[in-house]
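Working notes for the structure below.
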Amino acid sequence: MTQAEIKLCSLLLQEHFGEIVEKIGTHLIKTGSQPLRVIANDTGMSLDQVKKALCVLIQHNLVTYQLQKRGFVEYEAPCSRVLRILRYPRYIYTAKTLYSDMGELIVEELLLNGKMTMSAAVRKVADRLTETMEDGKTMDYGEVSNTFVRLADTHFIQRCPMAPETTETSDAPPPPAPTLAVNEKDMYVVPNLNLIGKGKRSRSFDDEDNGEHKAKRQKQDADSKEPLPDDGIYWQANIDRFHQHFRDQAIVSAVANRMDQTSSEIVRTMLRMSEITTSSNAPYTQPLSSNEIFRSLPTGYNIVKQILDQYLTLLADDPLEFVGKSGDSGGGMYVINLHKALATLATATLESIVQERFGSRCARIFRLLLRKKHLEQKQVEDFAMIPAKEAKDMLYKMLSENFVSLQEIPKTPDHAPSRTFYLYTVNTLSSARMLLHRCYKSVANLIERRQYETKENKRLLEKSQRVEAILASMQATGAEEVQLQEIEEMITAPERQQLENLKRNVNKIDASENQVDETIFVLESYIESTVKKL
(Lines give C-alpha, C1' and ligand atoms only; values in the text may rest on other atoms or scores of the structure.)
Protein backbone atom coordinates (compact mmCIF):
# COMPACT_ATOMS: atom_id res chain seq x y z
CA MET A 1 0.00 0.00 0.00
CA THR A 2 1.46 3.37 -1.06
CA GLN A 3 1.39 6.77 0.63
CA ALA A 4 -0.81 8.06 -2.22
CA GLU A 5 -3.46 5.42 -1.43
CA ILE A 6 -3.39 6.21 2.31
CA LYS A 7 -3.71 9.94 1.62
CA LEU A 8 -6.63 9.42 -0.78
CA CYS A 9 -8.39 7.12 1.73
CA SER A 10 -7.90 9.75 4.44
CA LEU A 11 -9.40 12.51 2.25
CA LEU A 12 -12.40 10.34 1.27
CA LEU A 13 -13.14 9.36 4.89
CA GLN A 14 -12.85 12.96 6.08
CA GLU A 15 -15.11 14.26 3.31
CA HIS A 16 -17.85 11.68 3.91
CA PHE A 17 -17.68 10.88 7.64
CA GLY A 18 -15.80 13.69 9.43
CA GLU A 19 -12.55 13.97 11.37
CA ILE A 20 -13.05 11.36 14.12
CA VAL A 21 -13.99 8.54 11.73
CA GLU A 22 -11.20 9.62 9.37
CA LYS A 23 -8.61 9.41 12.18
CA ILE A 24 -9.68 5.89 13.20
CA GLY A 25 -10.00 4.66 9.59
CA THR A 26 -6.61 6.05 8.50
CA HIS A 27 -4.94 4.58 11.60
CA LEU A 28 -6.33 1.10 10.80
CA ILE A 29 -5.30 1.40 7.13
CA LYS A 30 -1.73 2.28 8.17
CA THR A 31 -1.30 -0.26 10.99
CA GLY A 32 -3.43 -3.21 9.87
CA SER A 33 -5.70 -5.18 12.21
CA GLN A 34 -5.77 -4.02 15.86
CA PRO A 35 -7.94 -4.57 18.97
CA LEU A 36 -10.17 -1.83 20.37
CA ARG A 37 -8.01 -0.69 23.30
CA VAL A 38 -4.85 -0.49 21.20
CA ILE A 39 -6.70 1.72 18.67
CA ALA A 40 -7.90 4.01 21.50
CA ASN A 41 -4.40 4.16 23.00
CA ASP A 42 -2.59 4.83 19.69
CA THR A 43 -5.03 7.51 18.48
CA GLY A 44 -5.41 9.17 21.92
CA MET A 45 -9.20 9.08 21.69
CA SER A 46 -11.76 7.89 24.26
CA LEU A 47 -13.14 4.35 24.04
CA ASP A 48 -16.62 5.75 23.43
CA GLN A 49 -15.46 7.79 20.40
CA VAL A 50 -13.55 4.81 18.98
CA LYS A 51 -16.58 2.52 19.41
CA LYS A 52 -18.88 4.98 17.65
CA ALA A 53 -16.39 5.51 14.79
CA LEU A 54 -15.96 1.75 14.35
CA CYS A 55 -19.77 1.31 14.34
CA VAL A 56 -20.03 3.84 11.48
CA LEU A 57 -17.24 2.15 9.51
CA ILE A 58 -18.69 -1.36 10.05
CA GLN A 59 -22.17 -0.13 9.06
CA HIS A 60 -20.73 1.13 5.75
CA ASN A 61 -18.71 -2.10 5.15
CA LEU A 62 -15.41 -0.19 5.44
CA VAL A 63 -14.12 -2.13 8.47
CA THR A 64 -14.15 -5.88 9.10
CA TYR A 65 -13.62 -7.61 12.45
CA GLN A 66 -12.32 -11.02 13.40
CA LEU A 67 -12.39 -12.97 16.67
CA GLN A 68 -8.88 -14.12 17.56
CA LYS A 69 -8.01 -17.41 19.30
CA ARG A 70 -7.15 -15.59 22.53
CA GLY A 71 -10.71 -14.24 22.74
CA PHE A 72 -10.26 -10.60 21.71
CA VAL A 73 -11.62 -8.93 18.57
CA GLU A 74 -9.38 -7.27 15.98
CA TYR A 75 -10.59 -4.62 13.53
CA GLU A 76 -9.21 -4.08 10.04
CA ALA A 77 -9.90 -1.45 7.34
CA PRO A 78 -9.16 -2.75 3.80
CA CYS A 79 -7.79 0.16 1.77
CA SER A 80 -9.38 -1.15 -1.45
CA ARG A 81 -12.88 -0.95 0.08
CA VAL A 82 -12.40 2.66 1.24
CA LEU A 83 -11.24 3.66 -2.26
CA ARG A 84 -14.59 2.41 -3.64
CA ILE A 85 -16.23 5.52 -2.11
CA LEU A 86 -14.76 7.40 -5.08
CA ARG A 87 -16.92 5.28 -7.42
CA TYR A 88 -20.26 5.80 -5.62
CA PRO A 89 -21.56 8.38 -8.17
CA ARG A 90 -20.86 5.90 -10.96
CA TYR A 91 -22.76 3.08 -9.20
CA ILE A 92 -25.76 5.38 -8.71
CA TYR A 93 -25.68 6.59 -12.34
CA THR A 94 -25.52 2.97 -13.58
CA ALA A 95 -28.60 2.08 -11.50
CA LYS A 96 -30.40 5.10 -12.95
CA THR A 97 -29.48 4.08 -16.52
CA LEU A 98 -30.66 0.49 -16.04
CA TYR A 99 -33.61 0.89 -13.65
CA SER A 100 -34.67 4.57 -13.92
CA ASP A 101 -35.12 6.91 -10.93
CA MET A 102 -36.36 4.17 -8.58
CA GLY A 103 -33.25 2.05 -9.10
CA GLU A 104 -31.06 5.13 -8.70
CA LEU A 105 -32.63 6.08 -5.36
CA ILE A 106 -32.58 2.49 -4.00
CA VAL A 107 -28.84 2.15 -4.69
CA GLU A 108 -28.20 5.69 -3.39
CA GLU A 109 -29.99 4.93 -0.11
CA LEU A 110 -28.08 1.65 0.32
CA LEU A 111 -24.75 3.41 -0.29
CA LEU A 112 -25.63 6.33 2.01
CA ASN A 113 -26.78 4.07 4.85
CA GLY A 114 -24.42 1.14 4.30
CA LYS A 115 -27.10 -1.46 5.09
CA MET A 116 -30.91 -1.26 5.07
CA THR A 117 -33.89 -3.59 5.28
CA MET A 118 -36.03 -3.83 2.15
CA SER A 119 -39.08 -2.33 3.85
CA ALA A 120 -37.11 0.71 5.12
CA ALA A 121 -35.48 1.28 1.70
CA VAL A 122 -38.80 0.99 -0.17
CA ARG A 123 -40.55 3.44 2.19
CA LYS A 124 -37.70 5.97 2.04
CA VAL A 125 -37.49 5.85 -1.77
CA ALA A 126 -41.29 6.12 -2.16
CA ASP A 127 -41.31 9.17 0.15
CA ARG A 128 -38.48 10.83 -1.79
CA LEU A 129 -40.19 10.22 -5.14
CA THR A 130 -43.51 11.53 -3.77
CA GLU A 131 -41.74 14.75 -2.73
CA THR A 132 -40.75 15.42 -6.36
CA MET A 133 -44.20 14.62 -7.84
CA GLU A 134 -47.03 17.06 -8.45
CA ASP A 135 -49.54 17.75 -5.68
CA GLY A 136 -52.12 14.99 -5.37
CA LYS A 137 -49.82 12.31 -6.88
CA THR A 138 -47.99 9.73 -4.79
CA MET A 139 -45.59 6.84 -5.42
CA ASP A 140 -46.94 3.37 -4.63
CA TYR A 141 -44.78 1.06 -2.48
CA GLY A 142 -45.51 -1.82 -4.88
CA GLU A 143 -43.72 -0.14 -7.81
CA VAL A 144 -40.59 0.52 -5.73
CA SER A 145 -40.70 -3.08 -4.41
CA ASN A 146 -40.76 -4.40 -8.00
CA THR A 147 -37.62 -2.40 -8.87
CA PHE A 148 -35.95 -3.67 -5.67
CA VAL A 149 -36.72 -7.26 -6.74
CA ARG A 150 -35.30 -6.62 -10.23
CA LEU A 151 -32.07 -5.24 -8.73
CA ALA A 152 -31.77 -8.36 -6.54
CA ASP A 153 -32.55 -10.69 -9.49
CA THR A 154 -29.70 -9.16 -11.51
CA HIS A 155 -27.42 -9.30 -8.40
CA PHE A 156 -26.81 -5.53 -8.18
CA ILE A 157 -27.90 -5.71 -4.54
CA GLN A 158 -27.39 -8.59 -2.12
CA ARG A 159 -28.17 -9.67 1.43
CA CYS A 160 -25.70 -8.82 4.18
CA PRO A 161 -24.21 -11.67 6.23
CA MET A 162 -26.28 -12.34 9.37
CA ALA A 163 -25.47 -13.56 12.86
CA PRO A 164 -26.73 -17.11 13.48
CA GLU A 165 -29.84 -17.40 15.64
CA THR A 166 -29.07 -18.37 19.24
CA THR A 167 -31.41 -20.38 21.44
CA GLU A 168 -32.43 -18.63 24.64
CA THR A 169 -32.09 -21.85 26.69
CA SER A 170 -28.36 -22.17 26.09
CA ASP A 171 -26.27 -21.42 29.21
CA ALA A 172 -23.05 -20.65 27.32
CA PRO A 173 -22.00 -16.98 27.41
CA PRO A 174 -22.33 -15.12 24.09
CA PRO A 175 -19.12 -14.77 22.03
CA PRO A 176 -17.27 -11.40 22.15
CA ALA A 177 -18.25 -10.85 18.47
CA PRO A 178 -20.85 -12.65 16.35
CA THR A 179 -19.69 -14.72 13.39
CA LEU A 180 -21.58 -13.43 10.36
CA ALA A 181 -22.53 -15.81 7.58
CA VAL A 182 -24.86 -15.88 4.59
CA ASN A 183 -26.18 -18.82 2.60
CA GLU A 184 -25.22 -18.37 -1.07
CA LYS A 185 -28.62 -19.70 -2.15
CA ASP A 186 -30.39 -16.98 -0.15
CA MET A 187 -28.03 -14.13 -1.08
CA TYR A 188 -30.36 -12.71 -3.75
CA VAL A 189 -33.70 -14.05 -2.46
CA VAL A 190 -36.08 -11.20 -1.66
CA PRO A 191 -38.37 -11.75 1.36
CA ASN A 192 -42.05 -12.04 0.51
CA LEU A 193 -43.33 -8.65 1.71
CA ASN A 194 -46.79 -7.34 1.06
CA LEU A 195 -46.01 -3.62 1.38
CA ILE A 196 -49.23 -1.68 0.93
CA GLY A 197 -49.20 2.09 0.96
CA LYS A 198 -47.95 5.20 -0.78
CA GLY A 199 -45.11 7.63 -0.26
CA LYS A 200 -45.69 10.50 2.16
CA ARG A 201 -44.69 14.12 1.82
CA SER A 202 -42.77 15.81 4.62
CA ARG A 203 -44.95 17.83 7.00
CA SER A 204 -45.65 21.44 5.92
CA PHE A 205 -45.46 24.50 8.21
CA ASP A 206 -49.27 24.59 8.64
CA ASP A 207 -49.21 21.24 10.40
CA GLU A 208 -46.92 22.37 13.20
CA ASP A 209 -49.85 23.32 15.47
CA ASN A 210 -50.95 19.70 15.50
CA GLY A 211 -47.42 18.43 16.16
CA GLU A 212 -48.06 17.34 19.72
CA HIS A 213 -51.16 15.29 18.79
CA LYS A 214 -49.29 13.69 15.86
CA ALA A 215 -46.35 12.77 18.09
CA LYS A 216 -48.72 11.02 20.52
CA ARG A 217 -50.42 9.19 17.66
CA GLN A 218 -47.06 8.08 16.20
CA LYS A 219 -45.99 6.79 19.62
CA GLN A 220 -49.18 4.77 19.92
CA ASP A 221 -48.67 3.38 16.39
CA ALA A 222 -45.09 2.42 17.24
CA ASP A 223 -46.23 0.60 20.38
CA SER A 224 -48.85 -1.41 18.55
CA LYS A 225 -46.69 -2.08 15.49
CA GLU A 226 -45.55 -5.69 15.02
CA PRO A 227 -42.09 -6.50 13.64
CA LEU A 228 -42.03 -6.71 9.83
CA PRO A 229 -41.35 -10.06 8.09
CA ASP A 230 -37.96 -8.77 6.85
CA ASP A 231 -36.83 -7.58 10.28
CA GLY A 232 -33.10 -8.41 10.59
CA ILE A 233 -32.63 -9.08 6.83
CA TYR A 234 -30.36 -6.28 5.64
CA TRP A 235 -29.32 -5.46 2.09
CA GLN A 236 -26.24 -3.79 0.58
CA ALA A 237 -25.02 -2.77 -2.87
CA ASN A 238 -23.08 -5.57 -4.61
CA ILE A 239 -19.98 -3.65 -5.70
CA ASP A 240 -18.42 -6.63 -7.54
CA ARG A 241 -21.52 -6.88 -9.75
CA PHE A 242 -21.28 -3.18 -10.63
CA HIS A 243 -17.60 -3.67 -11.52
CA GLN A 244 -18.56 -6.60 -13.72
CA HIS A 245 -21.03 -4.32 -15.52
CA PHE A 246 -18.36 -1.60 -16.00
CA ARG A 247 -15.93 -4.19 -17.39
CA ASP A 248 -18.57 -5.52 -19.81
CA GLN A 249 -19.38 -1.99 -20.99
CA ALA A 250 -15.66 -1.28 -21.61
CA ILE A 251 -15.31 -4.52 -23.64
CA VAL A 252 -18.43 -3.72 -25.73
CA SER A 253 -17.15 -0.19 -26.38
CA ALA A 254 -13.71 -1.52 -27.45
CA VAL A 255 -15.29 -4.00 -29.91
CA ALA A 256 -17.52 -1.21 -31.33
CA ASN A 257 -14.46 1.04 -31.90
CA ARG A 258 -12.46 -1.75 -33.53
CA MET A 259 -15.18 -3.28 -35.71
CA ASP A 260 -18.78 -2.07 -35.92
CA GLN A 261 -22.02 -1.72 -33.96
CA THR A 262 -23.34 -5.19 -34.90
CA SER A 263 -20.18 -6.90 -33.59
CA SER A 264 -20.46 -4.98 -30.32
CA GLU A 265 -24.14 -5.96 -30.00
CA ILE A 266 -23.23 -9.64 -30.45
CA VAL A 267 -20.56 -9.34 -27.72
CA ARG A 268 -23.04 -7.44 -25.50
CA THR A 269 -25.57 -10.28 -25.95
CA MET A 270 -22.95 -12.89 -25.00
CA LEU A 271 -21.98 -10.93 -21.89
CA ARG A 272 -25.62 -10.40 -20.91
CA MET A 273 -26.36 -14.13 -21.24
CA SER A 274 -23.49 -15.06 -18.93
CA GLU A 275 -23.49 -12.07 -16.52
CA ILE A 276 -25.13 -13.98 -13.64
CA THR A 277 -23.65 -17.44 -14.37
CA THR A 278 -20.04 -16.15 -14.63
CA SER A 279 -18.25 -14.98 -11.46
CA SER A 280 -16.71 -11.48 -11.49
CA ASN A 281 -13.11 -12.82 -11.43
CA ALA A 282 -13.52 -15.69 -13.95
CA PRO A 283 -11.02 -15.67 -16.87
CA TYR A 284 -13.69 -16.72 -19.42
CA THR A 285 -17.47 -16.48 -19.74
CA GLN A 286 -19.55 -19.67 -19.90
CA PRO A 287 -19.43 -21.30 -23.38
CA LEU A 288 -22.41 -20.26 -25.52
CA SER A 289 -23.55 -21.92 -28.74
CA SER A 290 -24.17 -19.97 -31.92
CA ASN A 291 -27.85 -21.01 -31.82
CA GLU A 292 -28.28 -19.69 -28.25
CA ILE A 293 -26.68 -16.36 -29.19
CA PHE A 294 -28.94 -16.07 -32.27
CA ARG A 295 -32.08 -16.63 -30.16
CA SER A 296 -30.97 -14.07 -27.55
CA LEU A 297 -30.14 -11.20 -29.95
CA PRO A 298 -32.27 -8.04 -29.44
CA THR A 299 -35.41 -7.89 -31.57
CA GLY A 300 -34.16 -4.79 -33.42
CA TYR A 301 -31.24 -6.71 -35.00
CA ASN A 302 -32.75 -8.55 -37.97
CA ILE A 303 -29.63 -10.46 -39.02
CA VAL A 304 -29.86 -13.98 -40.38
CA LYS A 305 -28.06 -16.94 -38.77
CA GLN A 306 -25.50 -17.13 -41.57
CA ILE A 307 -24.44 -13.49 -41.04
CA LEU A 308 -24.18 -14.08 -37.28
CA ASP A 309 -21.87 -17.07 -37.87
CA GLN A 310 -19.68 -14.90 -40.12
CA TYR A 311 -19.49 -12.21 -37.42
CA LEU A 312 -18.58 -14.78 -34.74
CA THR A 313 -15.87 -16.27 -36.98
CA LEU A 314 -14.50 -12.76 -37.62
CA LEU A 315 -14.46 -12.00 -33.87
CA ALA A 316 -12.77 -15.34 -33.07
CA ASP A 317 -10.07 -14.74 -35.76
CA ASP A 318 -9.37 -11.16 -34.63
CA PRO A 319 -5.81 -10.63 -33.24
CA LEU A 320 -7.25 -9.04 -30.08
CA GLU A 321 -8.74 -12.45 -29.15
CA PHE A 322 -11.67 -10.96 -27.22
CA VAL A 323 -13.85 -13.86 -28.46
CA GLY A 324 -12.58 -17.45 -28.63
CA LYS A 325 -14.02 -20.64 -30.05
CA SER A 326 -14.21 -23.49 -27.53
CA GLY A 327 -16.05 -26.20 -29.51
CA ASP A 328 -18.13 -27.07 -32.58
CA SER A 329 -21.39 -28.32 -31.03
CA GLY A 330 -24.59 -26.30 -31.45
CA GLY A 331 -23.25 -24.43 -34.47
CA GLY A 332 -20.01 -23.58 -32.62
CA MET A 333 -19.33 -22.80 -28.94
CA TYR A 334 -17.92 -19.35 -28.16
CA VAL A 335 -16.50 -17.70 -25.04
CA ILE A 336 -15.25 -14.20 -24.22
CA ASN A 337 -11.68 -14.08 -22.91
CA LEU A 338 -12.19 -11.58 -20.07
CA HIS A 339 -8.58 -11.48 -18.82
CA LYS A 340 -7.24 -10.98 -22.35
CA ALA A 341 -9.78 -8.17 -22.90
CA LEU A 342 -8.70 -6.41 -19.67
CA ALA A 343 -5.03 -6.71 -20.68
CA THR A 344 -5.82 -5.16 -24.09
CA LEU A 345 -7.77 -2.30 -22.46
CA ALA A 346 -4.91 -1.60 -20.02
CA THR A 347 -2.34 -1.67 -22.84
CA ALA A 348 -4.45 0.76 -24.89
CA THR A 349 -4.63 3.08 -21.84
CA LEU A 350 -0.81 2.99 -21.48
CA GLU A 351 -0.35 3.71 -25.20
CA SER A 352 -2.75 6.65 -25.00
CA ILE A 353 -0.92 8.15 -22.00
CA VAL A 354 2.50 7.75 -23.67
CA GLN A 355 1.16 9.53 -26.76
CA GLU A 356 -0.31 12.41 -24.72
CA ARG A 357 2.81 12.88 -22.59
CA PHE A 358 5.66 12.22 -25.04
CA GLY A 359 4.16 12.56 -28.53
CA SER A 360 3.35 10.27 -31.44
CA ARG A 361 6.95 9.17 -32.11
CA CYS A 362 7.38 7.91 -28.54
CA ALA A 363 4.03 6.14 -28.88
CA ARG A 364 5.36 4.45 -32.05
CA ILE A 365 8.42 3.17 -30.15
CA PHE A 366 6.22 2.06 -27.24
CA ARG A 367 3.88 0.09 -29.54
CA LEU A 368 6.91 -1.44 -31.27
CA LEU A 369 8.32 -2.66 -27.94
CA LEU A 370 4.92 -4.08 -26.97
CA ARG A 371 4.80 -6.04 -30.20
CA LYS A 372 8.44 -7.19 -30.42
CA LYS A 373 8.92 -7.67 -26.62
CA HIS A 374 12.74 -7.10 -26.52
CA LEU A 375 14.81 -4.83 -28.80
CA GLU A 376 18.27 -3.26 -28.75
CA GLN A 377 18.58 0.49 -29.31
CA LYS A 378 19.83 0.00 -32.91
CA GLN A 379 16.86 -2.29 -33.68
CA VAL A 380 14.43 0.30 -32.27
CA GLU A 381 15.96 2.99 -34.55
CA ASP A 382 15.66 0.73 -37.61
CA PHE A 383 12.16 -0.65 -36.99
CA ALA A 384 10.65 2.69 -35.90
CA MET A 385 12.50 4.58 -38.68
CA ILE A 386 13.58 7.33 -36.28
CA PRO A 387 17.08 8.96 -36.31
CA ALA A 388 19.53 7.53 -33.73
CA LYS A 389 19.82 10.71 -31.63
CA GLU A 390 16.03 11.21 -31.36
CA ALA A 391 15.36 7.51 -30.66
CA LYS A 392 17.99 7.54 -27.89
CA ASP A 393 16.43 10.64 -26.25
CA MET A 394 12.91 9.19 -26.45
CA LEU A 395 13.94 5.82 -25.00
CA TYR A 396 15.79 7.45 -22.08
CA LYS A 397 12.87 9.79 -21.44
CA MET A 398 10.43 6.85 -21.22
CA LEU A 399 12.99 4.86 -19.19
CA SER A 400 13.29 7.68 -16.62
CA GLU A 401 9.48 7.80 -16.29
CA ASN A 402 9.31 3.96 -15.83
CA PHE A 403 7.21 3.35 -18.96
CA VAL A 404 10.09 1.32 -20.47
CA SER A 405 12.59 -0.94 -18.68
CA LEU A 406 16.11 -2.04 -19.60
CA GLN A 407 17.23 -5.66 -19.39
CA GLU A 408 20.90 -6.65 -19.36
CA ILE A 409 21.96 -9.98 -20.91
CA PRO A 410 25.73 -10.54 -20.39
CA LYS A 411 27.74 -12.73 -22.79
CA THR A 412 30.36 -13.36 -20.10
CA PRO A 413 30.18 -13.71 -16.30
CA ASP A 414 32.05 -10.42 -15.69
CA HIS A 415 29.12 -8.28 -17.01
CA ALA A 416 31.50 -6.12 -19.06
CA PRO A 417 29.49 -3.44 -20.93
CA SER A 418 31.21 -4.20 -24.23
CA ARG A 419 30.12 -7.85 -23.95
CA THR A 420 26.52 -7.25 -22.76
CA PHE A 421 23.26 -6.95 -24.68
CA TYR A 422 21.04 -4.06 -23.48
CA LEU A 423 17.46 -4.80 -24.43
CA TYR A 424 14.57 -2.38 -24.05
CA THR A 425 11.21 -3.87 -23.07
CA VAL A 426 7.81 -2.88 -21.66
CA ASN A 427 6.75 -4.53 -18.42
CA THR A 428 3.01 -3.85 -18.70
CA LEU A 429 2.23 -4.90 -15.12
CA SER A 430 4.82 -2.64 -13.46
CA SER A 431 3.89 0.26 -15.81
CA ALA A 432 0.22 -0.18 -14.90
CA ARG A 433 1.09 -0.15 -11.17
CA MET A 434 3.17 3.02 -11.60
CA LEU A 435 0.36 4.69 -13.51
CA LEU A 436 -2.24 3.61 -10.94
CA HIS A 437 -0.13 5.23 -8.21
CA ARG A 438 -0.10 8.48 -10.20
CA CYS A 439 -3.87 8.29 -10.68
CA TYR A 440 -4.36 8.04 -6.90
CA LYS A 441 -2.14 11.11 -6.49
CA SER A 442 -4.16 12.98 -9.13
CA VAL A 443 -7.51 12.24 -7.44
CA ALA A 444 -6.12 13.31 -4.04
CA ASN A 445 -4.92 16.59 -5.60
CA LEU A 446 -8.34 17.15 -7.20
CA ILE A 447 -10.14 16.60 -3.88
CA GLU A 448 -7.77 19.00 -2.10
CA ARG A 449 -8.29 21.60 -4.84
CA ARG A 450 -12.08 21.31 -4.53
CA GLN A 451 -11.87 21.70 -0.76
CA TYR A 452 -9.65 24.79 -1.20
CA GLU A 453 -12.06 26.37 -3.72
CA THR A 454 -15.01 25.77 -1.37
CA LYS A 455 -13.13 27.08 1.68
CA GLU A 456 -12.05 30.27 -0.12
CA ASN A 457 -15.66 31.06 -1.05
CA LYS A 458 -17.26 29.81 2.18
CA ARG A 459 -18.79 33.17 3.16
CA LEU A 460 -20.33 33.69 -0.29
CA LEU A 461 -21.75 30.14 -0.38
CA GLU A 462 -23.37 30.60 3.05
CA LYS A 463 -24.90 33.91 1.92
CA SER A 464 -26.24 32.27 -1.25
CA GLN A 465 -27.80 29.42 0.78
CA ARG A 466 -29.46 31.91 3.18
CA VAL A 467 -30.96 33.90 0.28
CA GLU A 468 -32.25 30.68 -1.36
CA ALA A 469 -33.85 29.58 1.93
CA ILE A 470 -35.58 32.98 2.35
CA LEU A 471 -36.82 32.87 -1.26
CA ALA A 472 -38.19 29.32 -0.82
CA SER A 473 -40.08 30.23 2.38
CA MET A 474 -41.49 33.43 0.80
CA GLN A 475 -42.64 31.55 -2.32
CA ALA A 476 -44.36 28.98 -0.09
CA THR A 477 -46.27 31.78 1.70
CA GLY A 478 -47.28 33.40 -1.63
CA ALA A 479 -45.07 36.52 -1.61
CA GLU A 480 -45.32 39.12 -4.41
CA GLU A 481 -42.88 39.27 -7.32
CA VAL A 482 -41.43 42.63 -6.15
CA GLN A 483 -40.56 41.22 -2.72
CA LEU A 484 -38.87 38.19 -4.28
CA GLN A 485 -36.84 40.43 -6.58
CA GLU A 486 -35.64 42.52 -3.61
CA ILE A 487 -34.40 39.37 -1.87
CA GLU A 488 -32.61 38.21 -5.04
CA GLU A 489 -30.80 41.57 -5.26
CA MET A 490 -29.13 40.86 -1.92
CA ILE A 491 -26.50 39.01 -4.00
CA THR A 492 -24.69 41.58 -6.16
CA ALA A 493 -23.69 41.03 -9.81
CA PRO A 494 -19.94 40.48 -9.02
CA GLU A 495 -20.89 37.98 -6.30
CA ARG A 496 -23.18 36.16 -8.72
CA GLN A 497 -20.35 36.00 -11.26
CA GLN A 498 -18.01 34.64 -8.56
CA LEU A 499 -20.56 31.96 -7.66
CA GLU A 500 -20.89 30.91 -11.32
CA ASN A 501 -17.10 30.64 -11.64
CA LEU A 502 -16.94 28.54 -8.47
CA LYS A 503 -19.72 26.26 -9.72
CA ARG A 504 -17.98 25.84 -13.09
CA ASN A 505 -14.62 25.03 -11.43
CA VAL A 506 -16.15 22.51 -9.01
CA ASN A 507 -18.04 20.81 -11.88
CA LYS A 508 -14.77 20.54 -13.84
CA ILE A 509 -13.00 19.01 -10.83
CA ASP A 510 -15.86 16.52 -10.31
CA ALA A 511 -15.79 15.53 -14.00
CA SER A 512 -11.99 15.11 -13.82
CA GLU A 513 -12.34 12.85 -10.75
CA ASN A 514 -14.79 10.62 -12.64
CA GLN A 515 -12.52 10.47 -15.71
CA VAL A 516 -9.46 9.53 -13.62
CA ASP A 517 -11.57 6.91 -11.83
CA GLU A 518 -12.38 5.27 -15.19
CA THR A 519 -8.63 4.87 -15.79
CA ILE A 520 -8.18 3.59 -12.21
CA PHE A 521 -10.88 0.97 -12.80
CA VAL A 522 -9.26 -0.37 -15.99
CA LEU A 523 -5.78 -0.54 -14.39
CA GLU A 524 -7.04 -2.09 -11.12
CA SER A 525 -9.05 -4.74 -12.99
CA TYR A 526 -6.04 -5.61 -15.18
CA ILE A 527 -3.62 -5.84 -12.20
CA GLU A 528 -6.09 -7.96 -10.21
CA SER A 529 -6.70 -10.39 -13.09
CA THR A 530 -2.96 -10.68 -13.89
CA VAL A 531 -1.92 -11.29 -10.27
CA LYS A 532 -4.60 -14.01 -9.90
CA LYS A 533 -3.37 -15.64 -13.11
CA LEU A 534 0.22 -15.66 -11.83
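At least 1 residues that are within 27 Å of the chain's Cα centre (by Cα) and modelled with pLDDT of 90 or more in each: list the helices (runs of 4 or more DSSP H) lying fully within the stretch 337-387 that qualify.
Numbers: elements: 338-358, 360-372, 377-384.
Filter on the stretch 337-387 gives 338-358.
Please enumerate the residues belonging to the stretch 125-140 that are among the hydroxyl-bearing types (Ser, Thr, Tyr), assigned to a helix (DSSP H, G or I) and open to solvent by 10 Å² or more (accessible area, probe 1.4 Å).
Taking the stretch 125-140 first, the residues among the hydroxyl-bearing types (Ser, Thr, Tyr) are 130, 132, 138.
Keeping just the survivors that are assigned to a helix (DSSP H, G or I) gives 130, 132.
Hit for the stretch 125-140 is 132, nothing else.
Take the residues in the stretch 72-124 that are assigned to a helix (DSSP H, G or I) and of a type in the set (S, T, N, Q), then tell me which one is most open to solvent (accessible area, probe 1.4 Å). Can you show your working first?
Residues of the stretch 72-124 that are assigned to a helix (DSSP H, G or I), as a first pass: 79-113, 118-124.
Then drop every residue that is not of a type in the set (S, T, N, Q), which leaves 80, 94, 97, 100, 113, 119.
Details: 80: 68, 94: 13, 97: 94, 100: 64, 113: 57, 119: 4 Å².
For the stretch 72-124, the residue satisfying everything is 97.
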Where residue 282 falls short, out of the listed (1) open to solvent by 10 Å² or more (accessible area, probe 1.4 Å); (2) part of a helix (DSSP H, G or I); (3) in contact with a Leu (Cβ under 8 Å, 6 or more places away or on another chain): (2)
Boolean, residue 49 is at negative phi, open to solvent by 30 Å² or more (accessible area, probe 1.4 Å) and within 21 Å of the chain's Cα centre (by Cα): no
Conditions (1) closer than 30 Å to residue 527 by Cα; (2) without any contact (Cβ under 8 Å) to a residue 60 or more places away in the chain; (3) surrounded by fewer than 18 Cβ atoms within 10 Å (Cβ to Cβ); number of the one not met by residue 57: (3)
Test for residue 440: is it in contact (Cβ under 8 Å) with a residue 24 or more places away in the chain, within 37 Å of the chain's Cα centre (by Cα), in a strand (DSSP E or B) and under 23 Å from residue 526 (Cα atoms): no
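Is it true that residue 67 is among the hydrophobic types (A, V, I, L, M, F, W, C) and either in contact with a Gly (Cβ under 6 Å, 6 or more places away or on another chain) or modelled with pLDDT of 90 or more (or both)? Reasoning before the result, please.
Details: among the hydrophobic types (A, V, I, L, M, F, W, C): yes; either in contact with a Gly (Cβ under 6 Å, 6 or more places away or on another chain) or modelled with pLDDT of 90 or more (or both): no.
It is false that residue 67 is among the hydrophobic types (A, V, I, L, M, F, W, C) and either in contact with a Gly (Cβ under 6 Å, 6 or more places away or on another chain) or modelled with pLDDT of 90 or more (or both).
Scan the stretch 143-150 and give yes if some residue there is in contact with a Leu (Cβ under 8 Å, 6 or more places away or on another chain) and either surrounded by 20 or more Cβ atoms within 10 Å (Cβ to Cβ) or free of Cβ contacts under 8 Å to residues at least 24 places away in the same chain (or both), otherwise no.
Filtering the stretch 143-150 for residues in contact with a Leu (Cβ under 8 Å, 6 or more places away or on another chain) gives 144-145.
From what's left, either surrounded by 20 or more Cβ atoms within 10 Å (Cβ to Cβ) or free of Cβ contacts under 8 Å to residues at least 24 places away in the same chain (or both): 144-145.
Within the stretch 143-150 (the criterion being in contact with a Leu (Cβ under 8 Å, 6 or more places away or on another chain) and either surrounded by 20 or more Cβ atoms within 10 Å (Cβ to Cβ) or free of Cβ contacts under 8 Å to residues at least 24 places away in the same chain (or both)), the answer is yes, since at least one residue qualifies.
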Single residue of the stretch 224-262 satisfying the filter (crowded, with 18+ Cβ neighbours inside 10 Å and at pLDDT below 85) that is nearest to the chain's Cα centre (by Cα): 233
Number of positions in the stretch 321-352 that are open to solvent by less than 40 Å² (accessible area, probe 1.4 Å) and within 16 Å of residue 434 (Cβ to Cβ): 4
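The values are calculated or read from the model by the stated rules, or taken from the named source; none is laboratory data. Every value quoted in this text rests on a predicted model; they were computed, and no experiment measured them. Reconstructed Cβ throughout: ideal geometry from the backbone, glycine too, with neighbour counts over all protein chains shown. These area figures cover heavy atoms from the full protein model, side chains too; ligands, DNA and RNA do not enter into them. Shrake-Rupley method; radii C 1.70, N 1.55, O 1.52, S 1.80 Å.
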